[in-house]
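Asker: What follows is a structure written as structure tokens; I'll ask about it next.
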Amino acid sequence: MSRLPFNVEGVSPGSKARAGRFRTVHGEVQTPVFMPVGTQATVKSMSVDTLKGVGAQMLLANTYHLSLRPGPEVFKTFGGIHRFMGWDRPVLTDSGGFQIFSLCADRAMTEAGAEFRSYVDGERHFLSPESSIAMQRAIGSDIMMVLDQCIPATAGHAEAEVAMHLTHRWAERSLRAREDSPQALFGIVQGACHRDLRIRSAEFLRALPFDGLAIGGLAVGETQAERYTFTELVTEHLPADRPRYLMGVGTPLDILEAVHRGVDMFDCIMPTQLAQRGTAFTSHGRVQCRRTAYKFAEEPLDARCDCPTCRRYSRAYLHHLVKCDEPLGWTLLSTHNFAFYHRLMAEMRAAILRGEFAAYYERERQSLARDDEVDPPVKARPRVQAPPRLGDYERVTAPQGFSSIRQISSGEVMHSVSAPADEANRLYVAQSKLVSRLRPRTPDDREPVVVWDVGLGAASNAMAAIHAVEAAVTEAGAEGLRPLHLVSFERDLDPLTLALRQAPWFPHLQHGAPHALLRASRWRHAAGAVEWELWRGDFLAHLDAAPVPDVIFYDPFSAKTDAGLWHRDVFSRIHRHCAGRTAALYTYSAATAVRVALLAAEFYVAAGVATGPKESTTIAFTRAPLGEAPLLGADWLVRWRRSGSKYPLDMDAKEHAAFAARIEGHPQFVRA
């Protein structure tokens, strides 16, 4: 029987986010929950009354530090940490595993435990699973953590496997050492960034009588995309009836992403650590109060916040305190940061219980990614945080204010007239009726809709599709849609790499998917609504092996720059590959040469929507469409006969007559 009764009260559609509650000796906790870090029985710069006032339900303290100072005898004298520090709500104690990890230069690890030198008096100390539990019992925390071996997330498979098995053996010893204590005990999943180890660790620990399970070994060297990937992987293999705790994470955006993936509990030193450096988290993104831009700013730190700091003090005063290194500045910013974190947790919980978390997630992850260093206040000049060039590409800004990627050698700009996301939505996502295609044709229809994204570029078209699907999931739930299988082809990843480095200027990339794609050539939506894969290299080399598409976003550079992809032979290969399936190809080009090449390849060709200065674009179908778009008719045929691009450039004059007859005899003109 669990010593931490836990009840899941709701799971939001389109997400793994869940709201729950558990009861401890010192009170009830509602999840998702953020625990301020009180390493040494105090949260830096904060009183317990202030912590309660901004919404803290539970604190975290550290076994390693408290064992050195004040030591177990003090806690035994006071009857535990609650009376000692004047906090009457729940406390979780970390075991000391991370601190052992951080002492790599002055500690020795054995099967028995870890020997290390005290930073207090230089004496040698020994910490084992048994002594860690004994110290936590003396502290009297509501939740104890097992001692684990934490290693860098980037560690190799062999090293990670050895550490995982040691963690498992220590977990079993910790369980035995708890004996009859009423305190709850959590196991810790390890395995670095190795899928098989993470799964094995989760499966091993979930079979033991732990009251909850934690995800350890993240936020220690991995990329943000890896953190999200392995958080999701582990939660998929943890039991639903016990709390899930992601240790040491993190930023508000990290927490939002982890809640979306099914995590319940969090801790991190960021609210106070960054406050000490003058940084605040706000509903408008991060604010660095040290910046001169705020010297005369009379507005509050965050107009949406009602914490004591925002009610009473201006940004100018906070700027002054930070510049003078006054401790009050640290306290006021920490107070606000904790209020922001706890409000975020409460908002997420409410959205989950309403069944609206997926929409909340889509909205908030954009605002939480903002930073006044790159999204500056009015009159402040943006700072470029990464070089605007990479290889043959550079970031350029249009007069209308949006940014695009330009190939330096050709001068060709990706999405030069309209904002990339706007053009991608209009030309490809909306015109293809992508979301409608995802609706099941029968109650049992779960066949994926396959979309080819030819010319990934800066991922504008692919991300437009992903955002559209995620919005649809918010409305209908993933179970109400067929999955999208998105296949992107690209031989040069510099445009996407550059755009990701310049992400504040490319809002469509403020998402974990493109990072995962660059890292692993694959990304999967948390609810299974999208499977996105990258086929790197020459499109023509991959064409015949790729899954047969339903929709093709055809967006390589123009025929002037990339002539090889606009020949009739290429379109003929695509048409043959799609044999047996009705597929539609959408492209920005309305050139006569492109349309006649498609017709020669036996496509049915129609005029697409206008975009920017283009009066029309082009749609091509493998079979005659049933009213989806008006096909080119007699008027176009008349113009083609007068055109200077009447025949493919590589065609011998002797073939012209036969080619013309082939076009004139195309079924779409015969019907016309």
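No value in this document is a laboratory result; all are computed from the given coordinates. These figures come from a predicted structure and were not determined experimentally. Cβ atoms come from the backbone with ideal geometry, glycine included; neighbour counts cover every protein chain shown.
Asker: Stokes-Einstein diffusion coefficient for the range 269-373 at 25 °C in a medium of 0.890 mPa s, Rh from the Kirkwood formula over Cα pairs: what value in µm²/s? Mind dumping the intermediate values first?
Answerer: On the way: Rh = 14.1 Å.
Taking Rh from Cα pairs, D becomes 174 µm²/s.
Asker: Any idea what % of Cα-Cα pairs in the range 34-77 are farther than 13 Å?
Answerer: 56 percent
Asker: Sticking with this structure for a sec: Have a look at A499, F75, M270 and report the one farthest towards the positive end of the charge dipole of the chain, computed about the Cα centre with Cβ charges (Lys/Arg +1, Asp/Glu -1).
Answerer: A499
Asker: How big, in percent, is the set of alpha carbon pairs in the range 420-632 lying more than 27 Å apart? Each step should come with its number before you reach the end.
Answerer: Values: 6208 of 22578 pairs.
Considering the range 420-632, 27 percent of its Cα-Cα pairs are separated by more than 27 Å.
Asker: Moving on to the next point. Write down the percent of antiparallel bridges among all DSSP beta bridges whose residues are both part of the chain, to the nearest 5.
Answerer: 50 percent
Asker: So, how do all the Cα-to-Cα distances of the chain break down into 10 Å bins, in percent, from 0 on up?
Answerer: For the chain, the binned pair fractions read 3, 14, 21, 21, 17, 11, 7, 4, 1, 0, 0 percent.
Asker: Next question. What's the angle, to the nearest 10 degrees (0 to 90), between helix 157-178's Cα axis and the longest principal axis of the chain?
Answerer: In the chain, helix 157-178 runs at an angle near 40 degrees to the longest axis.
Asker: Could you pull out every one of the aspartates and glutamates with an alpha carbon less than 15 Å from that of K560, ignoring same-chain neighbours closer than 8 positions?
Answerer: E412, D650
Asker: For the range 6-268, report the % of Cα-Cα distances exceeding 26 Å.
Answerer: Tail fraction, whole percent: 37.
Asker: Binning every alpha carbon pair distance of the range 120-201 at 5 Å from zero, what are the percents per bin?
Answerer: Bin by bin from 0 Å, the calculated values are 3, 16, 22, 18, 16, 15, 9, 2, 0.
Asker: Give the order of D445, D264 when sorted by the count of other beta carbons within 10 angstrom, beginning with the fewest. Could the numbers behind the result be given before it?
Answerer: Details: D445 9, D264 26.
Placing the least packed residue first, the sequence is D445, D264.
Asker: Around L256, under 11 Å between beta carbons, what's the net of Lys plus Arg minus Asp minus Glu among the other residues? The partial results should precede the final answer.
Answerer: On the way: positive: R261, R363, R365; negative: D254, E257, E347, E362, E364.
In short, -2.
Asker: What is the sum of charges around R343, taking Lys and Arg as +1, Asp and Glu as -1, for the other residues whose C-beta is under 11 Å from the C-beta of R343?
Answerer: Result for the neighbourhood of R343: -1.
Asker: Still on this structure: Over the range 420-632, what is the percentage of antiparallel beta bridges among all DSSP beta bridges, to the nearest 5?
Answerer: Of those bridges, close to 40 percent are antiparallel.
Asker: Counting Lys and Arg as +1 and Asp and Glu as -1, each charge on the Cβ, what is the dipole of the range 269-373 about the Cα centre in debye, to the nearest 20?
Answerer: Rounded to the nearest 20 debye, it is 60 debye.
Asker: Same structure again: Can you tell me the 0 to 90 degree angle between the C-alpha axis of helix 327-354 and the longest principal axis of the chain, rounded to 10?
Answerer: For 327-354 against the chain, the angle is about 60 degrees.
Asker: Which semi-axis lengths, in whole Å and largest first, follow from the square roots of five times the eigenvalues of the Cα gyration tensor of the range 136-283? Intermediate values should be presented prior to the final figure.
Answerer: Details: eigenvalues 119, 78, 42 Å².
So the equivalent ellipsoid measures 24, 20, 14 Å along its semi-axes.
Asker: Let me ask something else about it. So how strong a dipole does the chain carry about its Cα centre when Lys and Arg Cβ are +1 and Asp and Glu Cβ are -1, to the nearest 20 debye?
Answerer: Computed about the Cα centre, the dipole is about 1020 debye.
Asker: Run a plain Debye calculation on the range 564-672 (Cα atoms as equal point scatterers, no solvent) and give log10 I(q)/I(0) at q = 0.14 Å⁻¹, rounded to two decimals, same order as the q list.
Answerer: One equal scatterer on each Cα of the range 564-672 leads to -0.52.
Asker: Let me ask something additional. Grab the DSSP H runs of the chain that are 4 residues or longer, score each as -39,500 (n - 2.57), total them, divide by all residues and round the 222 nm result to the nearest 500 deg cm²/dmol.
Answerer: -10500 deg cm²/dmol
Asker: Another one. Per the Cauchy relation, a quarter of the hull surface: what is the mean projected area of the convex hull of the alpha carbons in the range 474-581, in nm²?
Answerer: Seen from a random direction, the Cα hull of the range 474-581 projects 8.6 nm² on average.
Asker: By count of other Cβ within 10 Å, fewest leading, how are E628, E447, E490, E161 ordered?
Answerer: Result, fewest neighbours first: E447, E628, E161, E490.
Asker: Can you check what the net charge comes to around S521, using other residues whose Cβ is under 15 Å from the Cβ of S521 (Lys, Arg +1; Asp, Glu -1)?
Answerer: Charge balance near S521 sits at 0.
Asker: Placing unit charges on C-beta atoms (Lys and Arg positive, Asp and Glu negative, everything else neutral), compute the dipole magnitude of the range 103-253 about its Cα centre in debye, rounded to 20. List each step's numbers first, then the result.
Answerer: On the way: 15 positive and 21 negative charges, 16 e Å.
Dipole of the range 103-253, to the nearest 20 debye: 80 debye.
Asker: What is the spin-label model distance, in nm, from S416 to K52 if the labels are put 7 Å beyond Cα along the C-beta direction?
Answerer: My value for the distance between the label points is 6.6 nm.
Asker: Check the straight Cα-Cα distances from K614 and name the aspartates and glutamates below 12 Å, setting aside those fewer than 8 residues away within the same chain.
Answerer: E423
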